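Here is the structure we will look at, set down as structure tokens.
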Amino acid sequence: MSYNFKFLKDEDGAVTVDYVVLCAAIVLVGATVAGSINTGLESKATTITGNISSGT
């Protein structure tokens, strides 16, 4: 029975979970930023392609 209480009070794995959540949040923010940059680049590339095609 005391093993169960010791197991429940043990916090060693909690630090690992914190780092996993932090890394997941960083990856999510990075993917969101990359998606926004990609959308902007596609828009500019389309504009440049249109300007080259029309000769302006």
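The values are calculated or read from the model by the stated rules, or taken from the named source; none is laboratory data. Note that the structure is predicted; figures quoted are calculated from it, not measured.
Here are the numbers for the structure shown:
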{"read-out": "Residue tally, condition of a type in the set (A, V, I, L, M, F, W, C) and not in a helix (DSSP H, G or I), over the range 1-48", "value": "1"}
{"read-out": "Per-region count, the range 17-44, residues small (Gly, Ala, Ser) and modelled with pLDDT of 95 or more", "value": "5"}
